[in-house]
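What follows is a short report on a single structure.
The values are calculated or read from the model by the stated rules, or taken from the named source; none is laboratory data. In this text, all values refer to a predicted model and were calculated from it rather than measured experimentally. As a convention, Cβ positions derive from the backbone with ideal geometry for all residues, glycine included, and neighbour counts pool all protein chains shown.
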Amino acid sequence: MIARGAALARDRRGLTLVEVLVATAIFAIVAVAIGSFYVSTQRAFDYGSAQAFAQRQGTLLQEELQRRLQRAVDFSVTACGSGTATASVRYALPDGTQWCLHQDQKLGDDFPQLYVCSLNGAIPLVSGGVGCDSGSARSLTAQSQNISETAQRLGTELRVANTTFLTVSTVNGTPIAGRALDVRFDLYDGAMYRVSGAYTGMRFGFTTTLRN
Amino acid sequence: MPAPRSTLERHVLDERGSVLLMSIVLVFVMTLLGLALFDLGAIENRMSLASQADLRAFEVAQAGIERALRELQDGFVGDAAGSESWADNDGVRAPICSPSCATGVYRPMTLANTTFPGGGSFAVEIMLITVPEANATSPYPIGLNCFRNAANVCTNLVFVRSTGTVTDSPAGGATSPAPAGYTARKTLQVVARAYAPSVLANGLVAGTPSAQQPVNGNVLIAGSAHVLGSPVGALPAIDWNGAGTGFVNHLGTLAPAAPAPDAEILRRLPPQQAVCTPTATPCAAPNVYSLGADVQIARPTATAAITLAGGAVIGGAAGAAYATGGSGPGSLAGKGPLDAIYVADGCQNSTCSDSYAVTSPSQLPVVDLGAIGRAYPENPVAPFPLLTGANPVAIGAGTYANLQTYFSTRAADLSGNLNTAGRPGHSGGLFANTANWNTPNPPSGGNFTNKNGAARRGRICWNRANGVLTFGITGTGTTTNPCNTPATAADPLLVYNTNAAGWRITRNAFAGRSSAQCAGTTQICYNGAAVIYNVNSVMLEEAVTSACLTGSNPTCTGEKFPTNELMVLLTPGNVTVSVTTTSVPRVMAMLYAGTDFIARSSPGGTITRIVGGVAASRFCFGGGGTCPGGPSNHPEVIQAPLSGASASLSPVGDSRSLPEEVLALSPSINGQAPRHWRVESVPRLWLECRPSSGALPTTPTGVCSY
């Protein structure tokens with residue numbers, strides 16, 4: 001043992017080229033494996049956190065919509081908000097004010113958002129319905145604080161799609177007590193995993209009954 | 001001989017342990033990522049649980065509201081008849097607050113069993129409402145009818161606030177969904193209202209017709225209307241055509257400035273309540289008189305439930321300035337919009353418009369807050385309460401199979417005392433130029449039993465000199481004339497009439513004699529309160545009002561209809577009003593028909609005003625109706641104001657003043673025994689509180705406000 005150690009100590013030859021190449025190749029393979037593992041884990045983390053973020057935002061959005069609609073005294077699934085709104089519902093609050101929830105991509109928006117605005121000015125729309133009072137439209141989805149870190153890092157933002165408002169007026173052909181509104185929307189922040197190119201986000205839906 | 005290598009060189013060249021190092025680094029990185037993912041999962045789980053706890057807290061708060069409403073109903077129903085109140089702090093019946101319930105501040109309501117096995121509990125608070133608060137929109141947009149007490153507090157209105165709490169503590173339950181360290185709390189606020197659902201206390205109530213519509217023909221209804229039944233065939237429930245028909249929320253057609261004023265009706269009615277119409281801008285003082293009109297039409301759902309043409313209206317124009325009760329505030333106009341309207345499945349929007357069929361959009365209902373899309377609130381629809389069959393009623397301390405059983409077993413049977421034509425009085429009726437007519441003076445032991453089982457002596461007396469029909473009553477042990485002491489609504493004369501001709505007051509019953517009590521007009525006036533059950537039909541072909549001295553009592557103080565003077569005519573058959581006679585200007589009574597209610601004076605005659613409350617399986621009105629046929633005038637059905645509250649006037653009675661026999665005629669909901677009082681959360685005043693500071697305000701102002 002001592003003799004072998006001494007022999008190595010006396011050996012002044014460097015690493016052979018083959019040894020270096022083999023070591024480099026092994027290191028590269030290991031590094032690529034670790035790197036790809038890291039990247040895929042990071043991506044999974046991003047998907048996970050984006051999913052969690054969208055889930056949370058969607059839940060908050062549902063609660064916000066529910067809070068507004070529950071207190072309404074009346075609603076009507078009718079055109080309102082703007083001529084470019086793709087889905088809208090008009091509702092009245094107990095104080096006599098009129099409001100409109102609508103999905104719209106307004107000037108300056110990169111993507112469609114959910115908006116709420118007041119309708120007390122009774123501004124007629126060319127396409128029918130009533131338009132938002134000037135300056136009253138407020139996005140419920142696109143505020144800067146509603147963008148997750150992941151989405152910010154990836155340069156994306158929250159968006160909605162396929163919003164529907166549906167009057168639930170009958171159950172098995174008989175009237176129900178109270179008035180119910182079915183609300184559905186897709187929410188996407190650009191960072192979630194997309195099953196296909198047609199995927200427009202996590203689908204949220206609820207039915208709320210007007211309490212007033 | 002090479003020089004020996006340094007320690008550093010040896011370590012550098014020594015490759016042993018590199019795999020371990022790489023493994024450690026890899027494990028470290030993976031651990032970091034794993035921990036991050038785990039943390040993410042834990043956060044998501046926590047958020048999900050918090051969301052679940054929030055939702056549960058909301059539902060628990062709602063459960064607290066429902067519980068409170070139930071307790072309040074039990075308390076109101078459990079109070080002594082005629083003095084039901086949430087403001088009496090009697091310490092026995094709901095609401096029991098600790099300390100006592102009060103106005104201006106929320107007090108905790110004493111309730112047991114407020115926790116749920118699955119986690120969560122609720123705490124309910126109560127605040128009484130004053131008359132000014134109820135009438136005006138400041139600071140709350142209320143404008144509600146209230147039963148006023150001497151302290152100016154509404155006895156039938158309270159604020160109810162319920163806070164649902166879901167904690168992670170053991171007190172929250174082992175299965176509480178709240179994550180560690182999180183407490184979910186939600187607070188809801190409503191206004192609870194007690195009201196009499198009796199079919200005779202709500203303007204017009206229609207049931208299921210034998211054919212055609214529940215309300216056939218034209219009519220103007222001032223006050224509430226409720227249609228429980230479905231039309232036969234593909235017809236609307238209501239089909240009105242012509243000016244002067246529809247629903248209004250005021251007594252404007254009687255006002256001095258109206259085309260056909262009627263001061264005689266106005267002075268006999270209790271003062272109306274003055275309220276603010278709910279708007280975004282509160283009004284500091286009441287600005288309109290309101291009947292609190294609430295229209296509910298249950299069916300049909302597949303086609304238009306209400307069809308309007310030719311000037312028929314639902315709400316809208318304000319009534320002329322006027323007052324009831326004579327003195328008092330008389331400068332206010334009647335309220336224009338209806339308080340609320342509920343029609344079928346509430347289908348009235350851009351994609352669904354089958355609730356109303358109108359010739360012009362301007363004919364759509366004018367209702368508070370523009371809420372025309374409300375659906376009929378009950379499913380299944382309660383059946384119209386009939387007088388016979390399986391329609392139990394609770395009166396006094398007893399429960400009876402139906403109202404006929406109640407009357408047939410205890411009311412005074414005066415059938416033999418009516419003439420052969422079924423008229424009270426002589427063969428010519430209550431004829432002024434014949435002798436006075438009285439039923440026999442009852443024996444001292446009494447001739448009927450009242451709701452509480454006490455024997456009573458009852459008598460009907462007709463005074464030909466002044467045209468007054470008196471419903472008298474005394475206790476037993478005397479032979480004095482009962483007509484010296486007119487019966488009160490709290491202890492009315494109960495009559496069971498089996499005469500084959502039913503009960504008739506015909507035109508020749510009164511020869512046009514004028515009197516102070518009858519205000520110099522051709523009519524019969526009654527004094528006292530009577531509930532008369534007729535096995536056969538009721539026919540009224542003469543004007544009938546409550547008695548009220550003209551000269552000495554211009555405001556009819558103590559002689560108000562229906563709280564002091566009241567005639568209730570019940571029959572399982574038909575009621576006809578002004579069918580064969582023209583110009584019957586007014587009938588002040590509560591009328592119930594088990595089958596048809598027919599009112600159709602001939603064209604050219606005076607419109608008949610039926611004041612009080614009417615109920616029937618089917619209404620046949622003139623001016624376009626087809627049952628039983630023929631052209632005629634449309635009548636007006638006018639609900640008597642029974643809110644009993646006006647801040648500047650003394651209380652003169654409200655729905656609680658009605659006889660229990662009237663209050664017992666209520667629809668049964670979901671097969672439950674009908675109650676005299678129903679309690680509901682007032683629509684438009686439900687609110688989720690969102691206190692910014694974490695502490696709720698003691699009054700419903702600030703963040704948690706209307």
If we keep only residues of segment B:317-371 that are under 17 Å from residue A:76 (Cβ atoms), at pLDDT 80 or above and in a loop (DSSP other than H, G, I, E, B), then the residue nearest to the other protein chains (Cβ to nearest Cβ) is B:371
Considering residues that are farther than 18 Å from residue B:185 by Cα, outside any loop (DSSP other than H, G, I, E, B) and either touching a residue at least 60 places away in the same chain (Cβ under 8 Å) or out of contact with any strand residue (DSSP E or B) (no Cβ under 6 Å at 6 or more places or on another chain) (or both), the number found within segment B:101-147 is 7
Practice problem: Answer yes if at least one residue in segment B:205-217 is under 30 Å from residue B:684 (Cβ atoms) and under 12 Å from the mean Cα position of the chain (by Cα), and no otherwise. | Solution: yes
key: Test result for residue B:220, under 20 Å from the mean Cα position of the chain (by Cα) and closer than 18 Å to residue B:299 by Cβ   = no
When (1) of a type in the set (A, V, I, L, M); (2) closer than 19 Å to residue B:577 by Cβ; (3) assigned to a loop (DSSP other than H, G, I, E, B) are applied to residue B:221, the one that fails is (3)
Out of (1) crowded, with 18+ Cβ neighbours inside 10 Å; (2) at the interface with chain A (Cβ under 10 Å from one of its Cβ atoms), the one residue B:380 does not meet is (1)
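Regarding segment A:128-135, can at least one residue be identified that is modelled with pLDDT of 70 or more, at negative phi, within 14 Å of chain B (Cβ to nearest Cβ) and surrounded by 16 or more Cβ atoms within 10 Å (Cβ to Cβ)?
Yes, the conditions are met somewhere in segment A:128-135.
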Within segment B:676-695, the count of residues that are crowded, with 20+ Cβ neighbours inside 10 Å, part of a loop (DSSP other than H, G, I, E, B) and more than 14 Å from every other protein chain (Cβ to nearest Cβ) comes to 2
In segment A:111-127, anything assigned to a loop (DSSP other than H, G, I, E, B) and either closer than 27 Å to residue B:137 by Cα or more than 13 Å from chain B (Cβ to nearest Cβ) (or both) is listed as A:111, A:112, A:119, A:120, A:121, A:122, A:126
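Matching residues to (1) more than 22 Å from residue B:151 (Cβ to Cβ); (2) in a loop (DSSP other than H, G, I, E, B); (3) more than 19 Å from the chain's Cα centre (by Cα):
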position: B:73; (1), (2), (3): yes, no, no
position: B:81; (1), (2), (3): no, yes, no
position: B:84; (1), (2), (3): no, yes, no
position: B:89; (1), (2), (3): no, yes, yes
position: B:93; (1), (2), (3): no, yes, yes
position: B:99; (1), (2), (3): no, yes, yes
In segment B:660-674, anything assigned to a loop (DSSP other than H, G, I, E, B), farther than 21 Å from residue B:292 by Cα and either free of Cβ contacts under 8 Å to residues at least 60 places away in the same chain or more than 12 Å from chain A (Cβ to nearest Cβ) (or both) is listed as B:664, B:668, B:671, B:672, B:673, B:674
Just one listed residue, out of B:278, B:270, is part of a loop (DSSP other than H, G, I, E, B), more than 18 Å from the chain's Cα centre (by Cα) and buried (at least 24 other Cβ atoms within 10 Å of the Cβ), and it is B:278
_Can you say whether residue B:237 is within 14 Å of chain A (Cβ to nearest Cβ) and either surrounded by fewer than 24 Cβ atoms within 10 Å (Cβ to Cβ) or at pLDDT 90 or above (or both), as far as the supplied structure shows?_
yes
